[in-house]
Structure formats: C-alpha cells, structure tokens
Amino acid sequence: MRYCKECSVKIKGNPTNCPLCKHHTSELPLHLGSLESSVFFNGQKFLPKNRESDKDPFPIVQLRYKQYTLLKVLLFVSFIIYSILLLIHFLFRDSGLRASYIFAGLGSLWLLVLTIVRKRRNVGKSILYLLSLISGLLVLWDKLTIWHGWSLTYAIPALVGIALLAILIAVGYIQQELGDYILYIGAVAIIGLVPLLFIIFGWVYVLWPSIVSISLSILMLVYLLAFRHRLIAHEIVKRMHM
Amino acid sequence: MNLDELQSKTSRKRTGLRSFMRYWLKPGHSVQDKSRRNWMDLDNASTIFPSVLNTTDTKVFRFTATIIDNIDPILLQKALEQTYNHFPLYHSVIRRGFFWYYFEDSDLIPVVQKETTAPCMPLYHYDQRNLLFRVLYYQNRIHLEVFHALSDGTGAFWFLQLLVTNYIFLRYPESSARTRNLGELFSLPHYEPNEQIDDSFARYFSKNKRETPGVFPKRKNEPADYKPETKKTKNKNNKENKKIWKRIFQIRGRRTQDNRMQIFETEMPVKSVLKLAKERGVTLSVFLTALFIESIHRTIKSKRKNRSVTISVPINLRQFYPSNTARNFFATTLIGYQFGEAGQTDSFENICQVVADQYAEAVNLENIEKKLRSLIRLEKNVAIRPIFRPLKDLILKIANFFNNQGITAALSNMGKITFPEAVEDYVEQIFVYTAATRPQFAAITHKDYLTINFSSPYQNTDIQKNFVRRLTELKVPITVGANQVNPPEEDNEIL
Ligand SMILES: [Zn+2]
C-alpha cells in the first residue's frame, strides 16, 4: 500500500507514481498505517479491508499489437512489387509482361488472402466463398490471356467437384454441428449446377467435365433433401427470420 | 482433475473412418440431433450491441468480487458449473442471421481462466460459437465478464451472486452449515428458466399489450392517479420534457497504446458519501452525477467553459415493471447541466439541484413508456425488418455515432447489493465497471463500502483525479487501485 500526498489517497500495490496525478508516492502516513488500516469515520470503525492490498490488484499485461499490422506490411510490400513490375513493363516493352497481368495477379492474391482470413472460422463458408471467388478470377484470367474457354470447360467444373468433395471430407472430419455448414454445402451444390448453363448456351467445347460436375451436385442435393431436409428447413427459418 | 485436463476435455477427439461415415450416413447421429437447437431473438436493448461494438468499446462489463483468501481455481470451476446449471440463458451464443442476430442454445462448458489480459476483452466474435461471458480469477479476486447483449448489470449480478455463494460454500464448508434455508437460496424466481429468458421489453411495451385491461400486471410504485397515455397528454409532454442541450462538450484525448481500458477502482465508506449527499438534500446518485459533471467541467479549457455537460444514465426497469428476466431490461436517460447560463451561478450546490430535478423527471413512467414504445415500434417496423443485416449494422453504427455526439460521459449506479448472510463474511468487496468509448464510472455499494470504478480509453486521468480529490477534500477516506496502461517494455535484446 502506498500513499499520494497530493490526492490524499491510499494506493493498492506498490506503484512509484500515483496513477491519478503521476506524483511520486510515499509510505503510508502513520495514522493510516497498515496495522491500523481500519478506517474511522464519525467515530465508527470500519473493518480492515483488502488484506491482500500490498499486491497489485491487476496483473501486468504486455502491450498487445494489432494483428492487422502484419496485413499492412504485406500490403505495402505488394505495392512495392507492383511498382517494380510496372517499371520493368515500361522499360522492357517486349518482355510480354502486361500491366493488367501484374494488377490482376496481385489483386487475386489479395482477394484470396482476405477471404481466407475473414472466413477462417467456418470451413463451409470458406469453401463456398473461395469457390465463387476463384471461379470468377479464372474467367477473368481466361479473358485477359485471349479467350480460350479453358476456364469454363475444365477449370470451373473441376473446381466445383473438388469443392464438393473437400467440404464433405472437411466437415465430416471436423465433426461439428452439421447445422453450421449445411446451407453452405447446399449453396456449393447449387453452384455446381451452373455448368448446365455452359452446355445449354454452347460455351464449352468438351462436355464431360461439366456433366461430371452437374451429376455430383445433383447427387449431393438429392442426399441433402432426402436425409437432411428438416435440418435445412430449421436453418433457413432461423437465419431468414425477420 | 486439474484445469489443464479440463480444458483439454472440451477439445475434440480424433476422427476415425467409422465416425466419419456415421456423421454423414446415420440420421440420428448425436452431433446432428443437437444441430436443431433452440434459438430466440435478441431483445430491444440488445439489438444494438453486436452491431456497434469495436476493439475499444467491446460492450463487455465486469464484476469483481474480492474474497478473503486467494482463489482456488478447481473449486471455482466447480462453483461455476453449478451456477451455470441454474442459468440456461448463459448457455447462449450469438449468431448472425440474414436479417437479425439471434441467440442460440449451446452445450459449451465454461472454464475458469487465470486473469492474464486487460479487463473487458471482446467476448463476441462473428463466426465463432463462444459463450457470452467468462469467469477469471487473480489472487483473491473473482471476475465475471459479460457481453452486454446477454445481460444487464442486474442480471449479471444474479449470476455473480450465485457463483460466489457456491464458491464460498465449497471453499469454506462451515458457511453452508450455518445457512438454515439452503433450499430457499436456490429457488429464487430468477433461477426459473422461463422467467430468466423473458423478453420484458416485448412483454411490457410492444403493441396492443397495454391496451388490454386486466392482462397488464399491476406495477410497483404506480402512482394512484396513473392513467394510460392518451393523445392529449402525449403532445403536452413532448414540449415539456424534451430539453435540448446546446454545445455539448465532448471529451477527447490520446488513447492508451493498445486501446486497453484504464481502470480505477476507488473504495470508500458509503456513510461518509451519503452524509455529503444528505447535507445537500440529494440522493447518492444525484450527488455522484453532479460531482462527475463538475469534475469534467474543471478539465475544460477556459475558451469552451460555457458548454453543457451531459451524462447518460441507465434506469433499471425492474423497479417499475416487475420482471425476473436476466436479460437486458433498462432504459437510458440523459442528465445534463448547461454551464454559463445567464442568472445562474455554476456552484456545486446548484448543479446538484438541477441534476436532482432531472432525476425526478427521468423516472416519470409516462416518458419511459413512450420512449420504449417508439423504440419497439421502430424495431417491428415493416420497413426495417427486411433490411439485410450488414446494412442494419451500418445504420445502427451511424445512429450510434450521432447519438454519442449528444453525450459527454456515462455513469451507472447499481445501488446496494448483498449476498446471503452466511457468505457475506467471506466477501470483501465488489467492483463493477465496463468497457467504454469515453470516461465513465459504475458505482456499487456492498456492506459499508461504496466502490466507484472508472473506465476510460484515454491516457489522461484529470477527470478521475478531480473527482477523487474533491471527495478527499471533503474528508472521505479513499483507497485507489489501478491497472497499468503503460506496462514496462518487454526485453527486445534477442538480437
Ligand atoms: Zn495523486
């Protein structure tokens, strides 16, 4: 226990400075001494308080730095890389390095990092977001590098299949409540039906990848509706409640 | 069993192929049965908390009970589990829906932890199924930290009361032997699950409830001449009560380094403060509010002296509308003082009088009811309900920002609290405070002692200093405890 003469207060623990006014603290004056730490007021005696009062009332907590500091550093680094690559692009015109590639590359990287970081706590949501994001990016890259249609023909159907299997394995492995994931699984399966549009509009030149993707999705949807429809209804009512 | 084992008990087991198959194929699998959990809406006051919380203002508040000896964590854990069984509300987690947040039941088991972090760290994280409270211990202290969306101070104190009682019975068995009516102790109405999770805002203030005569429960303290509000009185009241504060002073300053709260616990004999209040003919709450206003005003630079200082104060609605809910059931009111008005001396006595008048006005039930009814009408508005939740968050954040422009500071007086008789001898002191966007304090009286606990996100401590010094000048003996906001640097000499 210390004492601040400026504030006339007793201070718990052994601080060298008064937490209120920052003046140096001193020993407790005799009349407030530790043995007689009971307080008299209007002739009435109050019980001794805080027998542990020589100890600090709070633990010392080290400064905690914000986790976003790391992200800021990475953002800065990628900005520098972008500038350097842009410089190369302007200095060596025939390098084949196009400004749009550089921009799209770093942009894709950042979108992926942010999605993974923000959705890290729900694997179902994470897979759904990554599937949508990567599919979009693949179409973009296909466009950027003169349209060949490989994104729609092979990449997206493959990605959907992989996502469905990944979500099945990951969720079954984690063994947490299915209710947390089931709507995301449903959403991935519905995205898996999109290649049907590719076939209908004739955007794809090889059909089997799309057909595999669609079949997997239909299988998954049939499973969900046949065995988990009550859970799905419960989750929808809960989340869509107005 | 020690605490480490307990912590690992809650962690997950390895997944084999068989459990993997069972997870997907067996319809009645235990994990999936639990998947269809009970859920309920947030109440009117809770709605705002998940939307407006941030890393500084985590909307978490803390009760501290100091016990005569150092805490035994194993017994505390046991006491916590016993208490947890009485509080189904505390099993809830908050989840995000498409339109609203909602409470969902969980079967998480709370585990006591040694206090190693700053007070009032966040409890709610989106995408994480966390309990909305935690129990910590440090030396002879038990802390209960609660996310405000779950409970208000009264509800949380019921939890603390039972937790401390259970702990003391376990730690000092002679205390429970001295208690005659043990059964009565554990059968209070607020331990009834249905009473505890009652949405009392909806019960008392939603549409059509008041209009049905006879259904509405008779209120305590209801004035004899009370008449339900009519169109006529409504208009009249609007003019009378809407005090518009001009040029409201805002406290600004340098924040603490890592945004932790600066906490001051001050304890003093309640009689000495009550005497000061009585000398001025006012209540303890009025006295403390006036003192806070004066302490803030003394930090204002002379150029801006003629501003008004406004204090946001919560009113516990259980005192007017009978309820055993452990959820939120409070309204807030704004108490203020306009400095430098013509024909008025800004003496402490005058501030006391002005504040006392406003307190009297604030508990006018017609006003409270009108305000809450309009808040509930807003929540139930057909134009509001279908708004996408992230957009609601944004709207609430903006509304909260503008609302804060009208508030200088906040305080809360929890009044006098007690523990069961046999337990009191082992409980030394109770403290309560909350995470805050601006300096504020919470006061609570236990036995003969009043504790006034300041929390602030700022480094500057002038307001707290003014407040404490004013009391010590008036001969109130005060003991202060503070946390370190500028801890000694860690050694970086690994290079
Ligand atoms: Zn001092």
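The values are calculated or read from the model by the stated rules, or taken from the named source; none is laboratory data. What you see is a predicted model, and the numbers here were worked out from it, not measured in a lab. All Cβ positions, even for glycine, are placed from backbone atoms using ideal geometry, and neighbour counts span all protein chains on display.
For residues that are within 14 Å of chain A (Cβ to nearest Cβ), surrounded by fewer than 22 Cβ atoms within 10 Å (Cβ to Cβ) and among the hydroxyl-bearing types (Ser, Thr, Tyr), tally how many sit in the range B:83-100.
Selection size over the range B:83-100: 0.
Within the range A:204-229, how many residues turn out to be assigned to a helix (DSSP H, G or I), surrounded by 11 or more Cβ atoms within 10 Å (Cβ to Cβ) and of a type outside the set (A, V, I, L, M, F, W, C)?
The number of residues fulfilling the criteria is 6.
Scan the range B:373-385 and report the pairs whose first residue is more than 17 Å from B:Ser200 (Cα to Cα) and whose second residue is not in a helix (DSSP H, G or I), with Cβ atoms within less than 7 Å and a gap of 6+ or a chain change.
B:Arg385/A:Met242; B:Arg385/B:Phe99
What about A:Ile232, is it buried (at least 19 other Cβ atoms within 10 Å of the Cβ) and in a helix (DSSP H, G or I)?
On the way: buried (at least 19 other Cβ atoms within 10 Å of the Cβ): no; in a helix (DSSP H, G or I): yes.
No, not satisfied.
Could we say that A:Lys125 is of a type in the set (D, E, K, R), surrounded by fewer than 15 Cβ atoms within 10 Å (Cβ to Cβ) and modelled with pLDDT of 85 or more here? Full working, then the answer.
Numbers: of a type in the set (D, E, K, R): yes; surrounded by fewer than 15 Cβ atoms within 10 Å (Cβ to Cβ): no; modelled with pLDDT of 85 or more: yes.
No.
Of the residues B:Arg438, B:Arg470, which single one is within 16 Å of the ligand (Cβ to nearest atom) and either surrounded by fewer than 22 Cβ atoms within 10 Å (Cβ to Cβ) or not in a helix (DSSP H, G or I) (or both)?
Working: B:Arg438 fails: within 16 Å of the ligand (Cβ to nearest atom).
Exactly one of B:Arg438, B:Arg470 is within 16 Å of the ligand (Cβ to nearest atom) and either surrounded by fewer than 22 Cβ atoms within 10 Å (Cβ to Cβ) or not in a helix (DSSP H, G or I) (or both), namely B:Arg470.
Take B:Arg62 and decide whether it is within 13 Å of chain A (Cβ to nearest Cβ) and under 30 Å from B:Leu378 (Cα atoms). Before the answer, list the steps.
Numbers: within 13 Å of chain A (Cβ to nearest Cβ): yes; under 30 Å from B:Leu378 (Cα atoms): no.
Here the answer is no, as B:Arg62 does not meet what is asked.
Got a sec? Which of B:Thr154, B:Thr165 is modelled with pLDDT of 90 or more, polar (S, T, N, Q) and farther than 24 Å from B:Thr58 by Cβ? Walk me through how you get there before you give the answer.
Working: B:Thr154 fails: farther than 24 Å from B:Thr58 by Cβ.
The conditions single out B:Thr165.
Just to verify a result, which residue in the range B:116-141, among those that are closer than 22 Å to B:Ala436 by Cβ and in a strand (DSSP E or B), is farthest from the other protein chains (Cβ to nearest Cβ)?
Step by step, filter the range B:116-141, then rank; the result is B:Phe133.
Looking only at the range A:89-145, which residues are more than 14 Å from chain B (Cβ to nearest Cβ) and outside any helix (DSSP H, G or I)?
A:Phe92, A:Gly96, A:Leu97, A:Arg98, A:Thr145
Residues B:Tyr337, B:Tyr321, B:Tyr359: which one is under 30 Å from B:Lys207 (Cα atoms), modelled with pLDDT of 90 or more and surrounded by 15 or more Cβ atoms within 10 Å (Cβ to Cβ)?
Values: B:Tyr337 fails: under 30 Å from B:Lys207 (Cα atoms); B:Tyr321 fails: modelled with pLDDT of 90 or more.
The unique qualifying residue is B:Tyr359.
Out of B:Asn403, B:Asn367, B:Asn460, B:Asn381, report the one residue that is modelled with pLDDT under 95, closer than 28 Å to B:Arg247 by Cβ and within 13 Å of chain A (Cβ to nearest Cβ).
Details: B:Asn403 fails: within 13 Å of chain A (Cβ to nearest Cβ); B:Asn367 fails: within 13 Å of chain A (Cβ to nearest Cβ); B:Asn381 fails: closer than 28 Å to B:Arg247 by Cβ.
Criteria check complete, one pass: B:Asn460.
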